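Taking it in order: structure first as structure tokens, then the write-up.
The values are calculated or read from the model by the stated rules, or taken from the named source; none is laboratory data. All of these numbers come straight from a predicted model, not from anything done at the bench. Here Cβ is always computed from backbone atoms with ideal geometry, including for glycine, and neighbour counts include all displayed protein chains.
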């Protein structure tokens, strides 16, 4: 466990485990590297080097006075990949992390050989030609309620994300989420709401695996189908026993899918 000090002085908490083909895990909104613990254990056991880190403003990373948008997050990710001197990495984005991953791919996918998009959006709100998202008024209502009832609102949000009622797991998730200050959480999702990443999928320079939980309350499995059809080299997988928390609801199955995708699309010697 260590910190990476970025060019602007902010520090990112980073965990680097195992040896073998590298997998880089990018968490979602109000998350941290700890959410990947069960998946990371499975991937390391399967012969991978696994890197998980906390985005700026979240988890154990610094919360600097800076922008919290996806150009900044993508810049931070690029610095991390360079710092670790990774090559042909499998980049995995979960939920909001999908947008970070796609932003990096738009910038050339440096040091990345393939990418997994897990339970995440391409845009947060619906469009006439894109029904795989929530109505704009639903997003606005949620953010208003979140700001008015923080931090009590966070526990309900975490409970809603799971397939099964599990108070101890909800406690764990809530504790991690509350490491993110409210202003950072709101700034991040508002920045994400301005983005439409469909063209990033259509122009993806590396193979994409769209992975979705069957019972995810936010993002339907039809979004995975859209990604696999639209990407130049895309495919999709559905996890039948998870909602939004696939990395800890089905860690072994998810790790197996990531490892198989990495082998299938490995660099040619």
Selection within the range 16-34 - surrounded by fewer than 19 Cβ atoms within 10 Å (Cβ to Cβ) and under 20 Å from the mean Cα position of the chain (by Cα) = 16, 17
Using the structure shown, decide if residue 228 is part of a loop (DSSP other than H, G, I, E, B) and farther than 30 Å from residue 62 by Cα.
-> no
Conditions (1) assigned to a helix (DSSP H, G or I); (2) out of contact with any helix residue (DSSP H, G or I) (no Cβ under 9 Å at 6 or more places or on another chain); (3) surrounded by fewer than 24 Cβ atoms within 10 Å (Cβ to Cβ); (4) modelled with pLDDT of 95 or more; number of the one not met by residue 41 | (2)
Exactly one of 129, 88, 62, 71 is touching a strand residue (DSSP E or B) at 6+ places or on another chain (Cβ under 6 Å) and surrounded by fewer than 16 Cβ atoms within 10 Å (Cβ to Cβ), and that one is 88
Which ones in the range 179-197 are out of contact with any helix residue (DSSP H, G or I) (no Cβ under 6 Å at 6 or more places or on another chain) and either part of a strand (DSSP E or B) or closer than 23 Å to residue 246 by Cα (or both)?
-> 179, 180, 185, 188, 189
Of the numbered conditions (1) under 26 Å from residue 10 (Cβ atoms); (2) crowded, with 20+ Cβ neighbours inside 10 Å, residue 79 satisfies every one except a single condition; which is it?
-> (2)
With respect to the numbered conditions (1) exposed (fewer than 15 other Cβ atoms within 10 Å of the Cβ); (2) under 22 Å from residue 126 (Cα atoms); (3) touching a residue at least 60 places away in the same chain (Cβ under 8 Å), which one is the sole condition not fulfilled by residue 201?
-> (1)
Every residue from the range 235-269 that is farther than 18 Å from residue 87 by Cβ and part of a loop (DSSP other than H, G, I, E, B) = 240, 241, 242, 243, 244, 245, 250
Within the range 48-58, residues in contact with a strand residue (DSSP E or B) (Cβ under 6 Å, 6 or more places away or on another chain) and buried (at least 23 other Cβ atoms within 10 Å of the Cβ) come out as 50, 51, 52, 53, 54
Boolean, residue 100 is in a helix (DSSP H, G or I) and crowded, with 22+ Cβ neighbours inside 10 Å = yes
Exactly one of 251, 217, 205, 247 is in contact with a helix residue (DSSP H, G or I) (Cβ under 8 Å, 6 or more places away or on another chain) and closer than 19 Å to residue 113 by Cα, and that residue is 205
Scan the range 74-83 and give yes if some residue there is outside any helix (DSSP H, G or I) and touching a residue at least 24 places away in the same chain (Cβ under 8 Å), otherwise no.
-> no
Subset of the range 205-220 [buried (at least 20 other Cβ atoms within 10 Å of the Cβ), touching a strand residue (DSSP E or B) at 6+ places or on another chain (Cβ under 7 Å) and not in a strand (DSSP E or B)] | 219
Could you say which residue among 93, 113 is in a strand (DSSP E or B), touching a strand residue (DSSP E or B) at 6+ places or on another chain (Cβ under 7 Å), modelled with pLDDT of 95 or more and surrounded by fewer than 24 Cβ atoms within 10 Å (Cβ to Cβ)?
-> 113
Can you tell me which residues in the range 125-155 are touching a helix residue (DSSP H, G or I) at 6+ places or on another chain (Cβ under 6 Å) and in a loop (DSSP other than H, G, I, E, B)?
-> 132, 150
